[in-house]
Amino acid sequence: MAAKINLTKMSLKDLLALQDDLEQEIANARARERHEVLSKMEEMAQEAGFTMSDLVGSKGRGRGKSTVSAAKYANPDNRAETWTGRGRKPNWLVEKLKKGADIEDFAI
């Protein structure tokens, strides 16, 4: 265990530098421990005649290939500005709706 540090005598600059160092060391320790656990798991899988992908699936993450949604709405002033109808409304559409337009006016 490291020596006790008297934090009350440290300047703000020193405390912030210490915080950065601690965050980096914590991240390093997590990565190190993760690697150790993963190595142990791989060793156990091999001893049992499996690969890790046999036990937990492939290494790929996510839900598979994502598809790009087709645009459903377009800005009549600039047809390059489109919106799929998913997520946050674009600013151009919000402004036009505030002025009383109906969303269906912009349907493609």
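The values are calculated or read from the model by the stated rules, or taken from the named source; none is laboratory data. The structure displayed is predicted, hence computed values, not measured ones. Glycine also receives a Cβ, built like all others from the backbone with ideal geometry; neighbour counts cover every protein chain displayed.
Things to note:
- Residues that are loosely packed, with under 10 Cβ neighbours inside 10 Å, in a strand (DSSP E or B) and of a type outside the set (Val, Ile, Thr) do occur in the stretch 78-92.
- Any chance Asp54 is of a type in the set (Asp, Glu), modelled with pLDDT under 90 and over 30 Å from Asp102 (Cα atoms): yes
- Leading residue by the ranking (farthest from Leu55 (Cα to Cα)) among those in the stretch 1-44 that are in a helix (DSSP H, G or I) and hydroxyl-bearing (Ser, Thr, Tyr): Thr8
- If the condition is being surrounded by 13 or more Cβ atoms within 10 Å (Cβ to Cβ) and under 30 Å from the mean Cα position of the chain (by Cα), then the stretch 93-108 contributes only Leu93.
- Sole residue being farther than 30 Å from Thr84 by Cα, modelled with pLDDT under 90 and not assigned by TED's automatic domain parsing to the domain that holds Arg86, chosen from Ala17, Ala2: Ala2
- Counting only residues that are at positive phi and of a type in the set (D, E, K, R), the stretch 81-108 holds 0 of them.
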